[in-house]
Amino acid sequence: MRVLAVPVKSLSEAKGRLSPVLEPLERAALTLAMLEDVLDAATAVPGWETWVVSPDEAVLEIALRRRVRAVAEEEPSLGGAVRQVEEEAEARGAEALAVLLADTPLVTAEALGAALRTLGAVVLAPSADRRGTNLLLRRPPRAIPARFGRSSFRRHREEASRRGLPVAVVERPELAFDLDAPGDILTLLGAGARGRTRAVCLEMDLRARLAVRT
């Protein structure tokens with residue numbers, strides 16, 4: 001059994017850095033659109049069981065509608081969510097656990113599948129600035145502790161080094177992009193990729209709204 005977990009914050013707290021340009025309901029709509037795009041890729045990769053972990057009922061309802069496992073988050077933090085899925089994955093006998101962040105709307109099944117097929121005890125897909133980690137794959141699920149947060153890419157590599165484990169780094173633009181700041185919206189729109197996130201951004205006329213601010 002191999003698990004691909006997608007943690008999602010409460011919609012009331014998601015994408016706080018976008019608050020200067022988006023109202024709370026708009027941020028929630030964008031978060032759900034990104035989740036749908038990520039699930040499109042995740043569920044198209046064979047051999048992996050997709051889990052969505054969140055404290056938010058709307059998020060969990062989407063997971064159930066998409067026929068993936070909905071995990072009600074018990075400890076409200078990314079670290080807590082990851083620890084929870086680690087425990088559940090190990091209890092179910094999972095041989096591998098991948099954590100994919102939910103704000104990676106350009107991810108494709110091809111790029112994700114290639115990353116998940118990468119050999120090694122620890123596989124990392126860094127964010128575009130090479131500070132964050134957008135995908136962490138461990139075989140077994142606790143081969144190293146998860147260290148999501150500031151400078152997580154460096155911290156994950158250091159944890160692997162301490163344990164004498166080699167790290168495979170996956171450099172794919174589809175996995176490197178995460179939508180976190182207003183400028184990322186323009187990057188996404190400029191990429192021309194189809195998907196729910198792009199559609200929601202266009203429906204909210206974000207290109208014009210952001211242009212007014214610059």
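When the stretch 19-42 is filtered for residues that are open to solvent by 40 Å² or more (accessible area, probe 1.4 Å) and not in a helix (DSSP H, G or I), the ones remaining, listed by number, are S19, P20, E23. Regarding P145, is this residue of a type outside the set (S, T, N, Q) and touching a residue at least 40 places away in the same chain (Cβ under 8 Å)? It is false that P145 is of a type outside the set (S, T, N, Q) and touching a residue at least 40 places away in the same chain (Cβ under 8 Å).
Here E87 fulfils each of the conditions (1) farther than 21 Å from S161 by Cβ; (2) assigned to a loop (DSSP other than H, G, I, E, B); (3) open to solvent by 60 Å² or more (accessible area, probe 1.4 Å) apart from (2).
The values are calculated or read from the model by the stated rules, or taken from the named source; none is laboratory data. In this text the structure is predicted, and so the values were computed from the model without any measurement. Using ideal geometry, Cβ is built from the backbone for each residue, glycine included, and neighbour counts are taken over all protein chains shown. Heads up: the accessible areas ignore ligands, DNA and RNA and are worked out on the full protein's heavy atoms, side chains in. Shrake-Rupley method; radii C 1.70, N 1.55, O 1.52, S 1.80 Å.
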